[in-house]
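Each reported figure results from applying straightforward, stated rules to the coordinates on display, with no laboratory input. Keep in mind that this is a model prediction, so the values were computed, not measured. Positions of Cβ are backbone-derived with ideal geometry, glycine not excepted, and every protein chain shown enters the neighbour counts.
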């Protein structure tokens, strides 16, 4: 049986920084960091990552995950990974892993000529990958840190669903747009 508190604690360093990023975007917080991570560099005439992968996202997501991880390290009932490893370190790794998944997806999409938030010929597959990119890398990280497979799988599936929900929220707040 998978413990609900453990699943929630594994999701928290993914979900809470994501919510914080939505708020930061909506309120214009840290707008000075709204610079592309790739610096606008082109590779074979295409952006390396694209304009929507910004330092604001990296900083908010990573710092947010560190803070959440640190808090989980002293929270009774949190998944054991947050006490077996320093919680802040787990948070840092989660933040970096999530960003790595996002970057890998963006890099591949740019190589294929697919723009940010563009839904093309393979729209269902592309949407699934867009929703699962960071979560999948965090799932792999949790396994590497010793989280049991069943717990990591439930947290990964829940993380995918939560990402889908935050995607809907970002579109409804007009922080993201879909292009045909």
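Over the Cα atoms of the range 75-140, how large are the radius of gyration and the largest Cα-Cα distance (Dmax), in Å?
Radius of gyration, then largest Cα-Cα span, for the range 75-140: 15.3, 47 Å.
Take the range 40-116, compute every pairwise Cα distance, and split them into 5 Å bins from 0; I just need the percent in each bin.
The distribution over the range 40-116 is 3, 17, 20, 16, 13, 11, 9, 7, 4, 1, 0, given as percents.
Cut-off 20 Å, label point 7 angstrom out along Cα-to-Cβ of residue 140: give me the residues of the range 56-78 whose amide nitrogen falls inside.
58, 62
Roughly what angle does helix 87-111 make with the longest principal axis of the chain, taking Cα atoms, 0 to 90 degrees, to the nearest 10?
30 degrees
Which value, in nm² and rounded to one decimal, describes the direction-averaged projected area of the C-alpha convex hull of the range 23-83? Working shown, then result.
On the way: hull surface 23.5 nm².
In nm², the orientation-averaged hull projection of the range 23-83 is 5.9.
Tell me the angle of helix 4-27 to the major Cα principal axis of the chain, expressed in degrees between 0 and 90 and rounded to the nearest ten.
Helix 4-27 and the main axis of the chain meet at about 40 degrees.
If one takes the longest principal axis of the Cα atoms in the chain, at what angle in degrees, from 0 to 90 and to the nearest 10, does the Cα axis of helix 123-144 lie?
Its long axis makes an angle of about 40 degrees.
Comparing 25, 15, 43, which has the greatest mean-square fluctuation in the GNM of the chain with Cα pairs linked when under 10 Å apart?
Comparing 25, 15, 43 in the GNM, the peak value goes to 43.
I'm a student and want to see the number: the projected area of the Cα convex hull of the range 4-172, averaged over all directions, in nm².
Details: hull surface 39.7 nm².
Seen from a random direction, the Cα hull of the range 4-172 projects 9.9 nm² on average.
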